[in-house]
Amino acid sequence: MDWELILKVYPYFLEAAWVTIQLSVLTVALGLVCGALGAAARLSRFALLRFLGAAYVSVIRGTPALIQLFLLYFGGPQIGIQLDAFEAGVIGLGINIGAYMTETMRGAIISVDRGQGEAARTLGLSQFQAFRKVVLPQALRLMIRPLGVNINAQIKGTALVAAISVVELTYTAQRYIGSTYKPFEMFMLSGLLYMAIIYATGKGITYLDSRVRLQ
Amino acid sequence: MGLDFSVVPGWLDTILLGGLWTIAITLSAAVLSFVGGILFAVIALYAPWIVRQPFRLFAWLFMGTPLLLQLFLIYFGLIQIGINLPAFVAGVIGLGLHFAVYNSELIQTAIVAVDKGQMEAARTLGLSRSQALRKVVVPQAVRDVIPPIGNNMIALLKDSALVSVIGVGELTLSAQLAIGRTYRPFEFYLVAAVCYYIINLGMEAVLRRIERRTALSR
Amino acid sequence: MTDPQHFVEIRHAQKSYGKFEVLKDISLTVERGQIVAIIGPSGSGKSTLLRAINDLDPLTGGEIWLDGVQVNKKLPHRQYEKHINAMRQHVGMVFQHFNLFPHLTVRENVTMAPKLLKGISEDEANKLAEEQLNHVGMIERIDYYPSQLSGGQKQRVAIARALAMRPKLMLFDEATSALDPELVEEVNQVMKTLAEEHMTMIIVTHEMDFAASVCDRVLFMDQGVVVEEGPPEKVFRNPDQERTREFLRKHLEGAK
């Protein structure tokens, strides 16, 4: 272990970790929006919306995130979409994780709706009232943990933007591996930072989960 | 610039060859991740402390870091210690190990969940503990997790695109090759996406079949 | 200690979990070809005693001898494992919840241990499976999976699986307790057949009628001790001990 080297380069890794955090926050935020819209579409009364929701999930989950990212970043200009690498990363990965979150949210809503929705309807609530007042609040609690799994995956997923040269953790590690020939040290340094981010996020999700469970 | 798909047919054989390499790397890595997953699960649960603890640390590192980073470590790390593997082999090892760790987590949970009466029944017939694990407990655990392991294999197919960055000539790299010559990224990435989607559908169909086949024995 | 005079000899068996004593100084002998039933309320230690005989729940004190060999003799760990695996091949066990291997067919359930431990050929194994499944009337289901069988059928296969190792002694741990009432009889029939063939059996059971009809001897256990022991006519009709009478009366009420 070359500690001297680690001490010399770690500030650059900290900077890169900050970019990874920004990417994680923004992609997750966009993912949650896409997920909510996707779930709403998949559970809609309208066949067309259901079809569009299903197509979104199937196409995004059926192809590599890397290809989606390349298509947006390199192919975008051909159809009039000009984005810098960071923007493309956020939008591409956000849309990607949104498809997985769609299924998570849909699963939670369906599992609550089975018993609780019917019970609420028998009390005379309209379908919309039953959804808003009974199903949704419970489903939101139910989806925190599985969304946490999606978010955990997405933090690691942000590494893909290294392939379009966004200077985040994996890109930085790759660059220093190339210039120092110390792959193990660079892996450990960036790896520990990833795990710190994931650990902190995990704690946050567990806290949130325990809070809503008390209510 | 607009879109022009007329350049695609000339590159179709390159793309299809890349698709075959993607299938080859996915299947090789899937086999490695399956066998490795069983092995890792047994190590994590039953190996002596001195083996188990370092192994758990390794698993924890692999679960907490991006695949792309691991690929860089394996590819450049092996070169550093003097092992110059072909990119394909390094890619299979990287993908295979990464998913072996995830499969191992599933299998460990399933092994622990196998009813303890199964071990007892095997032991009363005279089987040793390791025979009972090998013949009774582990096969059941593996069968129980076939659906989630199948999902991991689908994820593996999509993550196989990442090995293009260490120079494995699979589907993604083939598309990039065509793009380098034609400057038509949208068209070729779209074609690559369609190829992945088709392979994905094929894999899902095969996995559903395996699930149905093994349903009775669960 | 003197050499054992009996086929099965349990001497001063003692078992405790921490301070809690499950078995308190139990001694018992069984002759070759005898059938012994152990009855008693739940928590009396009867299952623990049965499971101690093939070392599933090792004793904390006392000795168990089977056919002149001590089951729980003191040996270094590795040797003990070898010894106990060899012993268990001679002792068949049938569980309340069948414990069939769900990932194997009926045939494979029966042949797995003989193939692995006795190294018999595929042909011999198939012959063995057919013979044993004929014995319990399950030959038609030879290529089914356990999930396709009823509880009674599962238990008959479990008996065939144990018999395929050609055991000297069969242990039944409440073999019919988990079955629907209408399925109990088919399993009892198989056990009766074994009795007619003079298989040595120790049976933990709740079924007094069955115990009375097949057993040579009945043990009534309560709170870790053998309260009363004797031929079934005596124990069931005219017990000496008040605790036995009490148990039988409660049990009779429960059955009504």
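The values are calculated or read from the model by the stated rules, or taken from the named source; none is laboratory data. For clarity, every value in this text was computed on a predicted model and none was experimentally measured. Reconstructed Cβ throughout: ideal geometry from the backbone, glycine too, with neighbour counts over all protein chains shown. Accessible surface areas use protein heavy atoms only, side chains included; no ligands, DNA or RNA. Shrake-Rupley method; radii C 1.70, N 1.55, O 1.52, S 1.80 Å.
What the table shows:
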| quantity | calculated |
| --- | --- |
| Förster radius 25 Å - calculated FRET efficiency between C:Ser213 and C:Arg249, Cβ distance, rounded to 0.05 | 0.80 |
| Approximate spin-label separation A:Leu125-C:Asp25, in nm, with each point projected 7 Å along Cα-to-Cβ | 6.7 |
| Spatial extent of the range A:1-117: Rg and Dmax, with the Cα atoms as the point set, Å | 18.7, 63 |
| Local electrostatic count at A:Gly191 - Lys and Arg +1, Asp and Glu -1, tallied over other residues with Cβ under 13 Å | 0 |
| Relative pair counts by distance (%), Cα atoms of the range B:5-214, 5 Å bins | 1, 7, 13, 15, 16, 14, 11, 9, 6, 4, 2, 1, 1, 0, 0 |
| DSSP-defined antiparallel bridges as percent of all bridges, the protein assembly as shown, nearest 5 | 55 |
| Ellipsoid semi-axes in whole angstrom, largest first, where each is sqrt(5λ) of the Cα gyration tensor of chain C | 30, 24, 16 |
| Counting DSSP beta bridges with both ends in the range C:154-256, the antiparallel % (nearest 5) | 50 |
| Spin-label model distance (nm) - B:Val7 vs A:Leu14, 7 Å beyond Cα toward Cβ | 4.6 |
| Under 18 Å from A:Lys8, Cα to Cα: lysines that are on another chain or at least 8 residues apart | A:Lys182 |
| Flagged links, alpha-carbon separation over 27 Å, of C:Lys15/C:Lys74; C:Lys46/C:Lys250; C:Lys46/C:Lys115; A:Lys156/B:Lys135 | C:Lys46/C:Lys115; A:Lys156/B:Lys135 |
| Area buried, chain B against chain A - accessible surface, total, 1.4 angstrom probe, square angstrom | 3100 |
| Value of D in µm² per second that Stokes-Einstein yields for the range A:67-123, Kirkwood Rh from Cα pairs, at 25 °C (0.890 mPa s) | 178 |
| Size of the C/B contact, given as accessible area buried on both chains, probe 1.4 Å, in Å² | 2100 |
| With DNA, RNA and ligands ignored, accessible area of A:Asp113 (1.4 Å probe; Å², nearest 10) | 70 |
| Pairwise FRET efficiency - B:Val31 versus A:Arg114, Cβ, R0 = 51 Å, nearest 0.05 | 0.85 |
| Cα-based reach from C:Lys118 at 16 Å (exclusive), listing aspartates and glutamates while leaving out same-chain residues under 8 positions away | C:Glu108 |
| Rg in Å to one decimal, and Dmax rounded to a whole Å, for the protein assembly as shown via C-alpha atoms | 32.4, 104 |
| B:Arg181-C:Tyr144 pseudo-label distance in nm [points 7 Å out on the Cα-to-Cβ vector] | 6.3 |
| Fraction in percent of alpha-carbon pairs per bin - 10 Å, chain A | 8, 27, 30, 20, 10, 4, 1, 0 |
| Relative contact order (%) - the range A:3-214, alpha-carbon pairs under 8 angstrom, separation at least six | 28 |
| Proximal charge balance of A:Phe128 [Cβ under 14 Å; K/R count +1, D/E count -1] | +3 |
| Sulfur and carbon atoms: percent of accessible area, the range A:1-156 [1.4 Å] | 65 |
| The range C:43-142 shape via C-alpha gyration tensor axes, a/c threshold 1.5 | prolate |
